[in-house]
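Remarks on the structure that follows.
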Amino acid sequence: MSSRRLITTLAGATALILALAGCSGPSAADEAESSDVIRLGVPLPETGDNAQYGEYFKQGYELKLAEINRAGGIDGRQVELVYEDSQSDPAQAASLAQKFIDDSSIVATFADFGTPAAAASSPLYQQAGLLQFLFTQSASDVTDPGDYIFATWVSQEYEAPRLAEFALEHGDEAAVFYHDTDWGLNTYGFFNTGAEDAGLDQVYTTAYDPQGKDFRPLLLAAAKATPDVIVIIGYAADGALITAQARELGLEQPIVGISSIYNQQFIELAGDAAEGVETLSYFTPENPDKTVQKFIADFSDAYDVAVPSDFAIRAYDALSILAEAIEAAAADGDITRESVRDALAAGSDFDTILYGPVTFNEKRRVDDAQQYPLVVRDGAFVLRD
């Protein structure tokens, strides 16, 4: 079942949970009880097809959590992350959202991996007045459910048109592959507008099921259109499979992918076929900034990994931003669900590794940010010449 159909199927279930929540009385809107520990809800895929992303998340979370608690916590209180395995499944994400909402010790939550799981639970968090912090969702409408939903990934409104311009550097005729999901359709819409503005002719376009395993029929159809460049609007795993099968079929055109493919998993899965693939990313280990280099060194010491995953960095940044907001809420009087949301909305220049200082705009998003052109060389993403 596609993510789009799945969300549609779940809409009724989510509505039912909302209705039950509304009947459960004021407990759903209760503020967090004061305790010695500040507790944050963390749904993530620990098992299932997306478990690798859950592992990346935990690396980032745990590194930042250790820094916070080693420094004395927040307002003299230690911070605890309450993990729950969602398998990144929208149905489970909605159930876990209600579990966090009903636990009055939880002062804020992070979003699950991917748009479908996050979107299934956003209305619940909004109605309950419990902050949901998204950091892997880039669709333009992810914060629409309301003022308790924040997101740090730059909207595809900015990123997708830039990808079209990036692809144009390799020729003016492109074959475009994009997810057959709400996220994919949203992103492709912005890419299409950007391609028209830039003068990139799409000689072949197709949506695809990101859970698919055989993309050869689509690639053979694309080959008949003789594109100058292949564009992938997908994730690391499916993008790697498309790349490997393209090379297997003898397609030698340059391949460019959206920033979601910036992940070591892409290189590991695509193997030699990954060489030469290009993308735009907000992170490069070649960034000379001292804070970035210290983070890379600390991460390497903790996990024996030379280059942290983009998703680990995003989790690290998410906890860092939220910790700053909680600290501000404490300074203003008390740490409650409402005060943490207000501090996040009113704050500015939150420190991040990925973007540098960030401030949320009126849509509770991070505005556009600089991206680096990267290419895979010798099994690693490096700055393109």
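For the pair Asp349 and Asp103 in one chain, pulling the backbone fully straight at 0.36 nm per residue adds 85.5 nm over the alpha carbon distance. Think of the chain as a dipole: +1 on every Lys or Arg Cβ, -1 on every Asp or Glu Cβ, centred on the Cα centre; then among Thr359, Phe283, Leu44, Leu44 lies furthest on the positive end. Converting phi to 3J(HN,Hα) with the Karplus coefficients 6.51, -1.76 and 1.60 and the offset θ = phi - 60°, the stretch 370-385 yields 5, 10, 9, x, 10, 9, 7, 9, 6, x, 8, 6, 10, 4, 6, 5 Hz in sequence order, with x at every glycine or proline. D for the stretch 183-336, whole µm²/s, Stokes-Einstein with Kirkwood Rh over alpha-carbon pairs at 37 °C and 0.692 mPa s: what number? D = 181 µm²/s. The accessible surface of the chain, taken with every protein chain in place and a 1.4 Å probe, is 48 percent carbon and sulfur.
For the chain, the antiparallel share of DSSP beta bridges with both residues in that region comes to about 25%. Compared with the dominant principal axis of the Cα atoms in the chain, helix 115-128 is inclined by about 20°.
For the chain, the solvent-accessible area of protein heavy atoms averages 40 Å² per residue (probe radius 1.4 Å; ligands and nucleic acids excluded).
Rounded to 0.05, the FRET efficiency of the Asp36 and Val82 pair, given R0 = 22 Å and the Cβ-Cβ distance, is 0.90. Modelled spin labels at Arg384 and Ala91, positioned 7 Å past Cα toward Cβ, are 4.2 nm from each other. Backbone amide hydrogens, once placed in the peptide plane, bring Gly234 within less than 5 Å of Ile258, excluding anything fewer than 5 places away on its chain. As a ratio to 2.2 N^0.38 Å, the alpha-carbon radius of gyration for the stretch 297-357 is 1.33.
The calculated Kirkwood hydrodynamic radius for the stretch 38-133 is 13.5 Å, given to one decimal from all distinct C-alpha pairs. Extension gain for the segment Thr206 to Asp144, taken as residue separation times 0.36 nm less the Cα-Cα distance, is 19.6 nm to one decimal. Electrostatic bookkeeping for Lys363 treats Lys and Arg as +1 and Asp and Glu as -1; over the other residues with beta carbon under 11 Å from its beta carbon, the sum is -4.
Placing unit charges on the Cβ atoms of the charged side chains and taking the dipole of the chain about its Cα centre, the candidate lying farthest along the positive direction among Ala315, Gly184, Ala93 is Ala93.
Every Cα-Cα pair of the chain was included, and the share exceeding 33 Å stands at 30 percent. Sequentially through the stretch 357-367, phi angles give Karplus couplings (6.51, -1.76, 1.60; θ = phi - 60°) of x, 10, 10, 6, 8, 5, 9, 6, 10, 8, 5 Hz, Gly and Pro residues having no value and appearing as x.
Counting only alpha carbon atoms, the long axis of helix 290-303 and the longest principal axis of the chain meet at about 90°.
With runs of 4+ DSSP H residues as the only contributors, calculate the mean residue ellipticity of the chain at 222 nm using -39,500 (n - 2.57) per run, divided by the residue total and rounded to the nearest 500. Write out the running numbers ahead of the final one.
On the way: 12 runs with 174 residues, N = 385.
Counting only the DSSP helices, I get -14500 deg cm²/dmol.
Gain on full extension, evaluated as 0.36 nm per residue between Thr226 and Ala71 minus their Cα-Cα distance, stands at 50.0 nm. Counting only Cα atoms, the stretch 258-379 measures 56, 32, 25 Å along its principal axes, largest extent leading. Rounded to the nearest 10 degrees, the inclination of helix 337-346 to the longest alpha-carbon principal axis of the chain is 50 degrees. Here the Kirkwood formula, the inverse mean of 1/r across different C-alpha pairs, assigns the stretch 116-262 a hydrodynamic radius of 16.0 Å.
In the stretch 95-169, the inverse of the mean reciprocal separation of distinct Cα atoms equals 13.2 Å; this is its Kirkwood hydrodynamic radius.
For the chain, the relative contact order is 17 percent, taking Cα pairs closer than 8 Å that sit 6 or more residues apart in sequence and dividing their mean separation by the residue count.
With the simple model of a label 7 Å out from the Cα in the direction of the Cβ, Glu252 to Asp301 spans 4.8 nm.
The values are calculated or read from the model by the stated rules, or taken from the named source; none is laboratory data. Quick caveat, the model's predicted, so the values are computed rather than measured. Note: ideal-geometry Cβ built from the backbone for every residue, glycine included; neighbour counts use all protein chains shown. All accessible areas refer to the heavy atoms of the entire protein, side chains included, with ligands and DNA or RNA removed. Shrake-Rupley method; radii C 1.70, N 1.55, O 1.52, S 1.80 Å.
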